[in-house]
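Engineer: Let me give you the structure first, and then I'll get to my questions.
The values are calculated or read from the model by the stated rules, or taken from the named source; none is laboratory data. Since the model is a prediction, treat every value here as computed from it, not as a measurement. When we count neighbours, we look across all protein chains shown, and the Cβ atoms used for this are built from the backbone with ideal geometry, even at glycine. These accessible areas exclude ligands, DNA and RNA; they are computed on the full protein's heavy atoms, side chains included. Shrake-Rupley method; radii C 1.70, N 1.55, O 1.52, S 1.80 Å.
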Amino acid sequence: MYGTWVLITMLIVSSFPVIAVYIWYRFAKYPVSLIKLLITLLIGAAAIFPAILLQNLVSLFSPSGNRAALFYEFFFRIAFSEELSRMMLLFIFFLLAGLLKPKEDSQPLSWSSVKMGTALGLVAGLGFAILENAVYSASSMDINLLLLRAVTAAPIHAACGSRVGSAAIMLRTNPAQAIFRLLSATAIHGIYNLMVTMPGFPIILAILIAFSALITAILSIKGSWEGEGLDKTVKNK
């Protein structure tokens, strides 16, 4: 009975950020409908399944050595698998939804398209966090871990999701920039994993990483699609 209440509580807490994001998008008049938001939320949650498959697969090739194994575990097996899974499912969704530019279109990608990918990627990250929190709630009775996840899972997955969302939009026309954003999301996610797992790191550092990454994502989305950035293009860096 206790475990059931923990699971229900974690699901409710994990849903609050989704409601807040929807209200934000509505008030800001972003072109993100409720249907599109819910589909993206489900896609983000579904990304946990290919991520688990990838994690099990790459576990077969774990390197020897403490430092190499540590890096492989936190940055590659966990973080990269999750971010890659999210990006590929979002890419398929964007392709089916007609949000990607045709390959033959030589015009640079507009900032409005990047914002759309970033905004939907953030929602996908929240969907992933909801299902992942449910899994942790069902399998762990460590109240300290559950409290930490209740506070930080949504921000870190939303922040990283926003980056892979923009990467999915860019993957066809600007693969170099897409890979860079995928790797930056992996790096942020990996550092967070290291902070919350390894003894000796103050928990406040993990919280700061999660929320600073989220604030950066919010600032990159903030602003109206109407009249702001529509004439700007993504520049290769």
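Engineer: If you work out Cα extents along the principal axes in Å from the coordinates, which of (1) 55, 42, 29; (2) 50, 41, 30; (3) 106, 37, 31 do you get?
Structural biologist: Given (1) 55, 42, 29; (2) 50, 41, 30; (3) 106, 37, 31, the calculated one carries the label (2).
Engineer: Provide the packing ranking of 190-202, 164-176, i.e. peptides ordered by the mean count of other C-beta atoms within 10 Å per residue, highest first.
Structural biologist: Most protected by this proxy first, the peptides run 164-176, 190-202.
Engineer: Please give the calculated 222 nm ellipticity per residue for the chain, where each DSSP H segment of at least 4 residues contributes -39500 (n - 2.57) and the sum is spread over every residue; nearest 500 deg cm²/dmol?
Structural biologist: Calculated mean residue ellipticity at 222 nm is -25000 deg cm²/dmol.
Engineer: I would also like to ask the following. What full-extension length gain, to one decimal in nm, is calculated for residue 67 and residue 201 as 0.36 nm per residue of separation minus the Cα-Cα distance?
Structural biologist: Roughly 46.6 nm would be gained on extension.
Engineer: What is the extension gain from residue 144 to residue 57, computed as 0.36 nm multiplied by their sequence separation minus the C-alpha to C-alpha distance, in nm to one decimal?
Structural biologist: Numbers: separation 87, 0.36 × 87 = 31.32 nm, distance 2.99 nm.
This chain segment gains 28.3 nm when fully extended.
Engineer: Still on this structure, please answer the following. Counting only protein heavy atoms and using a 1.4 Å probe, what share of the accessible area of the chain belongs to carbon plus sulfur, as a whole percent? Write out the running numbers ahead of the final one.
Structural biologist: Numbers: 8620 of 12090 Å².
Summing carbon and sulfur atoms, their accessible area is 71 percent of the total for the chain.
Engineer: What does the accessible area of residue 71 come to, in Å² to the nearest 10, when a probe of 1.4 Å is used?
Structural biologist: Surface accessible to solvent at residue 71 totals approximately 120 Å².
Engineer: Right, another one. For the pair residue 222 and residue 24, how long in nm is the line joining their label points, each one 7 Å along Cα→Cβ?
Structural biologist: Each label point lies 7 Å from its Cα, and together they span 0.9 nm.
Engineer: May I ask for the angle, rounded to the nearest 10°, between helix 2-28 and the longest principal axis of the chain, with both axes built from Cα atoms and the value confined to 0 to 90°?
Structural biologist: Roughly 20 degrees, rounded to the nearest 10.
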